[in-house]
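K.L.:
So that we are looking at the same thing, I have put the structure below in structure tokens.
The values are calculated or read from the model by the stated rules, or taken from the named source; none is laboratory data. Everything quoted here is computed from the prediction, not taken from an experiment. In this analysis, Cβ positions are derived from the backbone assuming ideal geometry, glycine residues included, and neighbour counts consider all displayed protein chains. For accessibility, only protein heavy atoms count, side chains too; no ligands or nucleic acids. Shrake-Rupley method; radii C 1.70, N 1.55, O 1.52, S 1.80 Å.
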Amino acid sequence: MERIASLLPSTTEIVCALGLRTQLVGRSHECDFPPEVEALPALTESKLDPRAESGAIDDRVRQLVREGLSIYRVDAERLRALAPSVVLTQEQCDVCAASPKDVEAALAEWIGGRPRVISLAPCTLADVWGDLVTVAAALGVPDRGRDLAQSLSSRLTDVSERALRLRPRPRVAAIEWTQPLMAAGNWMPELIALAGGTNLFGETGLHSPWLEWDALRAADPDVIVVLPCGFDLARTRREMAPLAAQPGWDELRAVRAGKVFLTDGNQYFNRPGPRLVESLEILAELLHPDEFPAKHLGTGWEAYL
């Protein structure tokens, strides 16, 4: 039986969705779903102040990158004490979670059999479903991975088939950071399209791009969805001030129509794991409220009024 250290919230969710929760021995400081994993030892910490405003967080990230430093620390001593046989991490984004470089540094003085390090780098929905299979195979339950990927894909299809019949298809700006502005990339353009919308910024499979205010204003989207990486609903609302203070904000079509929505990006859109299906459901509720009841209102999203 494998002893699993998961250094990424999405891989922790994947492990639990595969029915292997009892094999987890450690987690990242950000792993919080399902809630019972918070009882596990935390193996990482961030060098960023999570209470800082978006602009200050961005400045600190840029400083660390300029200095060639990692944004995360891995507790090497605790990791060795837990003696995992498998470590799950990621190489998609150095800002999102501990990277293979961080893990290798923690294992540098490891004595005896080193754990296998499995690093994921999903950029599309297909990548995410493929990672379910990869993790399951690495943990000795390949059939569970295939079954889980198929089940989630079927749920995604059920929602998208309903949404794609609907007209009109609202033009959507998905905002992943508010100061400075960043649009959402990777799997988000796919989710917006599957939810019956037209994505305005960011490309499927590519990292999230910086976004100029003038470009957002000129596009004048029908709907604005705000999903800052790592923030819950309450924090997202607090970070709206710089965006709402931009010249011409009140004149935007989405603002005038009451179609600006805040979401819990941390729990849903930012995590490349099983709950991307719920993320699609949230988008469908926002874009086509007459067809999709607001079952995630208050937990996954709320209107910005």
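K.L.:
Could you point to the residue in 12, 163, 201 farthest towards the positive end of the chain's charge dipole, with +1 and -1 charges on the Cβ of Lys/Arg and Asp/Glu respectively?
P.N.:
Result: 12, furthest along the dipole toward the positive end.
K.L.:
A further question follows. Taking the Cα centre of segment 185-258 as origin, sum charge times position over the Cβ atoms of Lys and Arg (+1) and Asp and Glu (-1), and report the length of that vector in debye to the nearest 20.
P.N.:
The dipole of segment 185-258 has a size of about 260 debye.
K.L.:
Can you give the Rg and Dmax of segment 142-277 based on its C-alpha atoms, in angstrom?
P.N.:
Taking only Cα atoms of segment 142-277, I get Rg and Dmax of 15.6, 54 Å.
K.L.:
Heavy-atom accessible area of residue 3 with all protein chains present, probe 1.4 Å, nearest 10 Å²?
P.N.:
Ignoring ligands and nucleic acids, residue 3 comes out at about 100 Å².
K.L.:
Leaving ligands, DNA and RNA out of it, rank 33, 261 by accessible area with a 1.4 Å probe, largest first.
P.N.:
Greatest to least solvent exposure: 33, 261.
K.L.:
Mind checking the per residue accessible area of the chain for me, 1.4 Å probe, whole number of Å²?
P.N.:
44
K.L.:
When the helices in the chain are scored as -39500 (n - 2.57) per DSSP H run of 4 or longer and the sum is shared across all residues, what 222 nm value do you end up with, to the nearest 500 deg cm²/dmol?
P.N.:
Calculated from helices alone, the mean residue ellipticity at 222 nm is -10500 deg cm²/dmol.
K.L.:
Round to a whole angstrom and tell me the spacing of the C-alpha centers of segment 143-176 and segment 194-246.
P.N.:
Answer, in whole Å: 20.
K.L.:
Output the antiparallel fraction of DSSP beta bridges having both residues in the chain, as a percent to the nearest 5.
P.N.:
Antiparallel: roughly 30 percent of the beta bridges in the chain.
K.L.:
Let me ask something additional. How big is segment 237-305 by Rg and Dmax over its Cα atoms, in Å?
P.N.:
Computed over the Cα atoms of segment 237-305, radius of gyration and Dmax are 13.1, 39 Å.
K.L.:
Further, regarding this structure: Would you please give the FRET efficiency between residue 167 and residue 303, computed as 1/(1 + (r/R0)^6) with r the Cβ-Cβ distance and R0 = 25 Å, to the nearest 0.05?
P.N.:
E(calc), rounded to 0.05, equals 0.65.
K.L.:
Ordering 249, 210 by accessible area with a probe of 1.4 Å, largest first, what comes out?
P.N.:
Most to least solvent-accessible, the answer reads 210, 249.
K.L.:
While we're on this one: Quick one: ranking 117, 37 by accessible area, 1.4 Å probe, largest first, what do you get?
P.N.:
117, 37
K.L.:
May I pose another question? Which of 287, 236, 226 sits farthest toward the positive end of the charge dipole of segment 165-305, with +1 on the Cβ of Lys and Arg and -1 on the Cβ of Asp and Glu?
P.N.:
Going by the Cα projections, it comes out as 287.
K.L.:
A further question on this structure: Once fully extended, how much extra length lies between residue 126 and residue 251, figured as 0.36 nm per residue of separation less the alpha-carbon to alpha-carbon distance?
P.N.:
41.2 nm
K.L.:
To continue, here is another question. Stretch residue 218-residue 119 to full length: gain in nm at 0.36 nm per residue minus the Cα-Cα span?
P.N.:
31.7 nm
K.L.:
By how many nm would the segment from residue 203 to residue 295 grow when fully extended, if each residue of separation counts as 0.36 nm and the alpha-carbon distance is taken off?
P.N.:
That works out to 30.3 nm of additional length.
K.L.:
Next up: Ignoring ligands, DNA and RNA, what percent of the accessible area of the chain is carbon or sulfur (1.4 Å)?
P.N.:
For the chain, the apolar C and S fraction of the accessible surface comes to 51 percent.
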